[in-house]
Amino acid sequence: MKTNTLWRSVLMALLVMLAGCGHRPTAEPVKTGHAASAAATQNDQSARTTPAPSTRPLQETVPRAANDTTLPSPPRLPPPPYVQRRATPPSPPAPPPMVAAPLAAGKRMGPAMPTMASIIMPPNQPLPGDINTENYTHRDANPVRLVSEHPVSTFSIDVDTGAYTNVRRMLNAGRLPPADAVRAEEFINYFDYHYAPPANRAQPFSVITELAPAPWNAQRQLLLVGIQGYRVPKAQIPAANLVFLIDTSGSMNEPDKLPLLKASLKQLVRELRKQDRVAIVTYAGSAGVALPSTAGDQHATIDAAIDSLGAGGSTNGGAGIELAYAQAGQGFIKDGVNRVILCTDGDFNVGTVDEEALKTTIEDHRKSGVALTTLGFGEGNYNDAMAVMLADVGNGSHHYIDNLAEGRRVLVDEMSATLLTIARDVKIQLEFNPAQVQEYRLIGYEKRLLKREDFNNDQVDAGEIGAGANVTAIYEITPAGSAGARIDPLRYGGRAEPQGHGNELGFLRLRYKLPGQSASRLIEQPIAAQAEAEASERLRWAAAVAAFADALRGGKYLDGYGYRQIAQLANGARGQDADGYRAGFVQLVKLAEGLATPAPANPETFLR
């Protein structure tokens, strides 16, 4: 924008100069000899048809000798009556003022002066910050599956919440999110469903299931599968070795990036203990150590290092990751929490930027017992795809910080869930009974789908669950024989007959590893086919959140269930909401309704 303003100033200056150097009327030279006679004859003829002016001419024609070869002297204007004629020629007349005057018909003009309308001004060029380069991985929504063809569903758990808070940022800014920014499982898992924790720590989590009619179509049902990890008081969290890898490149020089990041980190500082260790590694064009590994109770030293952070330069994330893992290795705490926390807008533009190369690096360090969590910040160039990928590969979770309250929620209120892993490589497999279920659809978890054979393969990586965290998955199912089926039956296919266990909807299996162990453990339990007449408050809330995510992606599976109905469903299932997170969700649904373009009541009329 500054360049455009400079261009306009230069062009205006040129206009003024051109105006001063414009065409000036000059007196005709004195004619002599035959030329004078011809001019006199022409003047005599024109005098017969043109009335004489009321004033005397400004100059007189003086005859000259024919052999006079000297140049004629410039004509002189007659002096005013009160000024005597001087021997020296007068100063040239001042340039005419730039005043537009009406032209007489048939009047001939001198050279045309340039005007503002005739000058093509350079168009406004967008600044780098004006171009939205946010990056999201495209994934198609899970399709409806026929149990007769695909009786088994397998996926990894996921505790990320970044998609929900990132979309919240967009809606609060007055715009609907792109479909690829919406991940239903991260919307659902943002909220606490108050599942009962396990009775003891011999099994790190409890498993809960619930079956009830779907709110958008009573001929279908929703199956909820919930996992609740055991809770660990903050005082009992093992010593933590934390390395904050902070992006200080020029792209972080925005209020919702580095300043928000620094304020969020300060929320955590007061919670650190003497047995904890903290280091800060920064990266821009190159990487450096802003704070060597320091005891957690040195709050003033840690605060000073945070305050000293500033943004500038390019983004060499690959070099920063290597240095952060080196710091984590130096301060490694046996049987403690060892984690790198990457804080960035995800905009890697120099150094190692290839995703596969970064994945290989993180996978190698993951095996040494150092996990990686990512915290996303900012807008405009936010690389969600990169941040999510790094967290998944690093056995960590991804969160997006859209305000200081969210920074405190992630780093303080849910510190044990964010930092302390109680189970690794948690996988879920559900086999549906074809005698009870005709169709099913897993809502969300597109990025966590696994092959059927991956369930028993301990070499296949899966998601982690932290202390006190809960994970929720929802299936929409069509009971056998229901009129709500979406897929037509095969002409030559037959309905499966019960082969025993006829009162079971399906069979649930979970696999997980305890921290530090390489062999997985198995949990199995059947799911009863008897559905509740009415969904519980917990299931109604989860259904509202799942429907909201689907609506933001186009509402393909909602059978016309709109934002207003979703808000009503959620408002009736808010329950206890001490922190106001559920009330905030209802407001987001209303914002989305106001921003959405309503479909015309009669498409044919609308087209006309």
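Do the alpha carbons of any pairs in Lys234/Lys257; Lys427/Lys447; Lys367/Lys451; Lys262/Lys359; Lys427/Lys513; Lys334/Lys427 sit beyond 18 Å of each other, and which pairs?
Details: Lys234/Lys257 28 Å; Lys427/Lys447 13 Å; Lys367/Lys451 23 Å; Lys262/Lys359 27 Å; Lys427/Lys513 10 Å; Lys334/Lys427 27 Å.
Too far apart for the 18 Å limit: Lys234/Lys257; Lys367/Lys451; Lys262/Lys359; Lys334/Lys427.
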Next item on the list: Could you do me a favour and compute the accessible area per residue for region 348-423, 1.4 Å probe, result in Å²?
Entry: 31
Next item on the list: Counting only heavy atoms of the protein chains, get the accessible area per residue of region 204-280 (1.4 Å probe) and round it to a whole Å² value.
Entry: 33
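Please give the charge dipole size of region 204-299, origin at the Cα centre, charges +1 on K and R Cβ atoms and -1 on D and E Cβ atoms. Round to the nearest 20 debye. Walk me through the numbers before you get to the answer.
Values: 10 positive and 7 negative charges, 53 e Å.
Computed charge dipole of region 204-299: roughly 260 debye.
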Checklist line | Whole-Å distance, taken between Cα centres, linking region 405-444 and region 157-190 | finding: 16
Check: Where does each of 543-550, 327-334 land if you order them by average Cβ count within 10 Å, highest first?
Finding: 543-550, 327-334
Notebook entry, point to check: Expressed as a rounded percentage, what relative contact order does region 124-279 have, with Cα pairs under 8 Å and six or more residues apart?
Noted result: 15
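The values are calculated or read from the model by the stated rules, or taken from the named source; none is laboratory data. Predicted model only: the values in this text are computed from it and were never measured. Because the Cβ atoms are built from the backbone with ideal geometry, glycine has one as well, and the counts that use them run over all protein chains shown. Calculation scope for accessible area: heavy atoms of the full protein, side chains included, ligands and nucleic acids excluded. Shrake-Rupley method; radii C 1.70, N 1.55, O 1.52, S 1.80 Å.
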